[in-house]
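Enquirer: A single structure is presented below for examination.
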Amino acid sequence: MERLVINGKRKLSGEVKIHGAKNAALPILCACVLCDEKVVLHNCPKLSDIKNTIEILKYLGCEVTREEDTVEVVNKGYLKDSIPKDLMNKMRSSIIFLGPLTAKLGKANLCLPGGCELGPRPIDIHLKSFEKLNVNVVKQSGKIACSTEKIKGTSINLPFPSVGATENIMLLTALGNSKTLIHNAAREPEIIELQNFLNKCGANISGAGENCIVINGVKKLHGCTHSILPDRIEASTYMSFAAATGSTISIKNICNEHIEPVVFAFREAGCEMLFGENELKIIAPKRLNRIMHIKTLVYPGFPTDSGMPIIAMSCVAKGTTIFEETIFQNRYNATLGLNKMGANIKIYDRIAVVEGVKELYGADVEATDLRGGAALVCASLAANGITKITQLQHIDRGYENIEYNLSVLGADIKREKD
Ligand code: UD1
C-alpha cells in the first residue's frame, strides 16, 4: 500500500507548471479511433486515467506509443467493436468510446459504467440522443449495444448540458454526410478543445463554447498534431494549496480565461492574484477570510471539480463558508477525513457549512475520490503535525507528480510504500 506522508505548516514558495488537462485529453484519445492517420498529442498528462484509455486504444487495435508527454496513436484500420468489462470499469469516461466506435464501425458493444464515488452516474442523455440520431440502443444485463446503418443528423435538445453527452454526440456525428445541432450543449473549455482537435483532423464543427454546436459530418478524418490545453482544475487545486498555507506561489502554463470562474472565491478569501501571460501569482494572507457562498454550476459557473480543495482551505478561514454543490450528489465524501483533522464541516444534503477553525491537526485519512483526495492534501499542508493519506489511486487519476511538485514548492511530503 502506498501513502502520502505530509508534515504540515510549511510555507510554499516558487513556481509550479500545470500539466495538460485530463478531461480534454481523454475524449481526444477516444476520438483517435475516428482518424485514419497518425495523431500526435503533446502535453498529454501522465495519469492513470490516461494510461487506462491508452490500454483500451491498444485493445481496440490501435498502435499507441508514449514518450514523455507526447502520445502517438495510429488507427491501423481494423478496430474491435467491444471493450471488455475490466478495461471499461477502470474509469467512467470510457463511455466516451461509444460515440466514435459506433460512428466508425456502425456498432459498439460496451459494458455499462456503474455509479462512482460521486453517486449514480446515468448516461440516459447520451443514449436518448444516440437514438434520435438513428442508433439502435439495446441495454441488457449491464451491457450496452449500439448499432446503426447510417447516422441521421438532427436537432437535439439536451435536457442538461452534460459534458460527456455533448462529447459523445460530437464524436458520433463528426463522420457521415448529415448535419446535427446540439442545443443546450455543455460549454466547458474541454468541449472547445475537442472541436479544435476534430477540425484539425478535417471535421466541420462550429459553435463549441456556445449554446448550440453544429456538426456537419465529413467523409473521413485524417491525423494531426495537437497540444492539449492546460488543466484548469489542477491549477485551481494548487491555488487552494497556496491559499490554505498563507503562501505566495506562481502557477505557470495556465489559460487565464479558464481560471476566471474560481477567481472571485480566492479574492473573497483575501488572496491577491496577479495575472501575467499564461501565468498567475497568488499571494495568500496569513489567515483566509470566509467565502460567503459558493455554488457549483456548469461552465462558465464555478466548477464542481474545484470545490473540495476550496472547502479544505476554508476549514482554516475566519468565519463560516457556505458551499452548495449542484452537479454531483456525493461530492462531500472527504468531509469525514477533514473533520478527523479537526475541521468543522456540517453537510445538509447538497450544502456544506464550513465553520473555520484556527488549527487543523495531522491524522490518518483515506482519499475517497479524486478531488476529495486533493482536499485532504490541501488540509494536510495547512495542518499541525503529520498526516498520512492512503487510497492514492484516486489522487493519481488527476494529479501528475503531486508530491514532487509540492516538494519543489517547499512542502514536507513524501510517498511511502509498504
Ligand atoms: C465531466 C468531467 C468531470 C466533471 C463533470 C462536470 C470528464 C472525464 N469528467 O464528467 O470531471 O466533474 O464533467 O463538469 O470530463 N447526467 C445525467 N445523465 C447523463 C449524463 C449526465 O443525469 O446522461 C448528470 C450526471 O449524473 C451529473 C451531471 O449530469 O449529475 C453532470 O454530468 P456530466 O456533465 O455528464 O459530467 P461527466 O461528463 O460525467
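The values are calculated or read from the model by the stated rules, or taken from the named source; none is laboratory data. Just so it is clear, the structure is predicted and the values come from calculations on it, not from any experiment. Neighbour counts are summed over all protein chains in view; Cβ atoms, including those assigned to glycine, are modelled from backbone coordinates with ideal geometry. Surface areas here come from the heavy atoms of the whole protein model, side chains and all, with no ligands, DNA or RNA. Shrake-Rupley method; radii C 1.70, N 1.55, O 1.52, S 1.80 Å.
Enquirer: Among the listed residues Gly276, Gly342, Gly356, which satisfies the condition of being touching an Asp or Glu at 6+ places or on another chain (Cβ under 7 Å), surrounded by fewer than 23 Cβ atoms within 10 Å (Cβ to Cβ) and at pLDDT 95 or above?
Expert: Criteria check complete, one pass: Gly342.
Enquirer: Among the residues of region 322-337, what is the count of those that are in a strand (DSSP E or B) and of a type in the set (A, V, I, L, M)?
Expert: Residues in region 322-337 being in a strand (DSSP E or B) and of a type in the set (A, V, I, L, M): 1 in total.
Enquirer: Something else: For region 292-329, what are the residues that are over 22 Å from Lys11 (Cα atoms), open to solvent by less than 10 Å² (accessible area, probe 1.4 Å) and among the aliphatic types (A, V, I, L, M)?
Expert: Answer for region 292-329, where residues must be over 22 Å from Lys11 (Cα atoms), open to solvent by less than 10 Å² (accessible area, probe 1.4 Å) and among the aliphatic types (A, V, I, L, M): just Ile294.
Enquirer: Additional query: Limited to region 63-98, what total is found for residues that are assigned to a strand (DSSP E or B), open to solvent by 10 Å² or more (accessible area, probe 1.4 Å) and touching a residue at least 12 places away in the same chain (Cβ under 8 Å)?
Expert: Of the residues in region 63-98, 7 are assigned to a strand (DSSP E or B), open to solvent by 10 Å² or more (accessible area, probe 1.4 Å) and touching a residue at least 12 places away in the same chain (Cβ under 8 Å).
Enquirer: Then there's this: Working only within region 360-374, note down all residues that are buried (at least 19 other Cβ atoms within 10 Å of the Cβ) and more than 18 Å from Ile251 (Cβ to Cβ).
Expert: Within region 360-374, Leu360, Gly362, Ala363, Val365, Glu366, Ala367, Thr368, Asp369, Leu370, Gly372, Gly373 qualify.
Enquirer: Follow-up question, since we're still on this one. Just give me the residues in region 82-105 being more than 15 Å from Ile144 (Cβ to Cβ) and away from the ligand (no atom under 16 Å from the Cβ), in sequence order.
Expert: Listed by number, the residues that qualify are Asp86, Ala103, Lys104.
Enquirer: Shifting gears a bit: Quick one: how many residues across region 116-165 are under 30 Å from Thr296 (Cα atoms), β-branched (Val, Ile, Thr) and more than 8 Å from the ligand (Cβ to nearest atom)?
Expert: Here the count works out to 1.
Enquirer: Okay, moving on. Can you say whether Gly223 is closer than 30 Å to Val135 by Cβ, modelled with pLDDT of 95 or more and touching a His at 6+ places or on another chain (Cβ under 6 Å), as far as the supplied structure shows?
Expert: Here the answer is no, as Gly223 does not meet what is asked.
Enquirer: Can you find a residue in region 181-203 that is more than 16 Å from the ligand (Cβ to nearest atom), under 21 Å from Val33 (Cα atoms), part of a strand (DSSP E or B) and open to solvent by less than 10 Å² (accessible area, probe 1.4 Å)?
Expert: No, region 181-203 contains no residue that is more than 16 Å from the ligand (Cβ to nearest atom), under 21 Å from Val33 (Cα atoms), part of a strand (DSSP E or B) and open to solvent by less than 10 Å² (accessible area, probe 1.4 Å).
One line per residue, one yes/no per condition, for (1) under 13 Å from Cys212 (Cα atoms); (2) of a type in the set (S, T, N, Q):
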position	(1), (2)
Ser141	no, yes
Thr148	no, yes
Ile151	no, no
Asn157	yes, yes
Ala165	no, no
Ile169	yes, no
Thr173	no, yes
Gly176	no, no
Leu181	yes, no
